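First comes the structure, then the notes that go with it.
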Amino acid sequence: MDRKTEKDAHIWERDPDDWYVEPVECSLALLKTMNFEGKIWDPAVGGGNIGKSAELCRLQFVGSDLVKRSSYCDFEASFMEIEIPPKFTHIVSNPPFGVAEKFVLKALDLLDEGQSASMLLPLVWMAGFSKKRDWLPNSPLSCVLPMSPRPSMPPGKVIEAGIKPGNGTKDFAWFVWTKGYMGPPTLSFLNTSPYKGRKNKPLVQGDLGI
C-alpha cells in the first residue's frame, strides 16, 4: 500500500467524537425556510457551519462542543452534562451519530415553552417509532423537512485535510421539535440547491425570496 492510500484510509476512519460535517447550505436553507428569530444554539458546533448560517441570516448565535474546533465554539462542554444552558431561542444541531437519540431527548428536556430543537438526522428516523423510539409519536415533533440533494457529511478530518466531499448517498432530514406543540407534524420538502456556495455572502432583503 502506497503512502497516499495509507493516508486516505486513515483520514476516512470513523471520528472518535462522531464529528461529521454537513455543508453550510443544509442549515442555511433551514433557518430561512423556518424564519427563525432570536438566538441559535448549536451544542455540537464542530467547525461552525451552523454558526456561519446564523451569521448570514443575521441571527444571534452561541456554540459549544466537547472540543473547541473553531471560533464559533464559545465554550467547551458536554451537552449531555449541561444543567444550565446558555440563553437561546432555538437549538439547531447536527448531533453526534452515536448518541443522536440521547442528544434529542436532552434537547427536549432543556426547551421552554415555544422554544424549538432542530436536529439533522437520517430520514429513517421516521420509521423507528415502534420499539426503538416509542417516545417519538408522543413528542412535540412539529415538522420534518427531508433534504435534497442528499448532503455529503464526511468526518471533520477529511474537511481539515482539504479533501472535497463527494455526492451524498444517505437521505437526511431536519426534525424540528417545538415545546408545547400539539398535533401531527407537518411535512415540508427542503431544496438546499439555491443556498449552495453562499458561505461568504450575507443574505439581504429580497435575496432568494427572503
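Quick note: the coordinates plus some simple rules give every number you see, no bench work behind them. Everything numeric in this text was worked out from a predicted model, so none of it was measured. Here Cβ is always computed from backbone atoms with ideal geometry, including for glycine, and neighbour counts include all displayed protein chains.
Numbers at a glance
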item: Exceeding the 30 Å Cα-Cα cut-off - candidates Lys32/Lys106; Lys87/Lys131; Lys132/Lys196; result: Lys87/Lys131; Lys132/Lys196
item: Extended-chain gain in nm, criterion 0.36 nm per residue less alpha-carbon gap, Glu83 and Ser70; result: 2.3 nm
item: J(HN,Hα) series, segment 176-185, from Karplus relation 6.51 cos²θ - 1.76 cosθ + 1.60, nearest Hz, glycine and proline x; result: 10, 10, 10, 4, x, 5, 10, x, x, x
item: Point-to-point label distance, Glu37-Val99, nm (Cα→Cβ direction, 7 Å offset); result: 3.4 nm
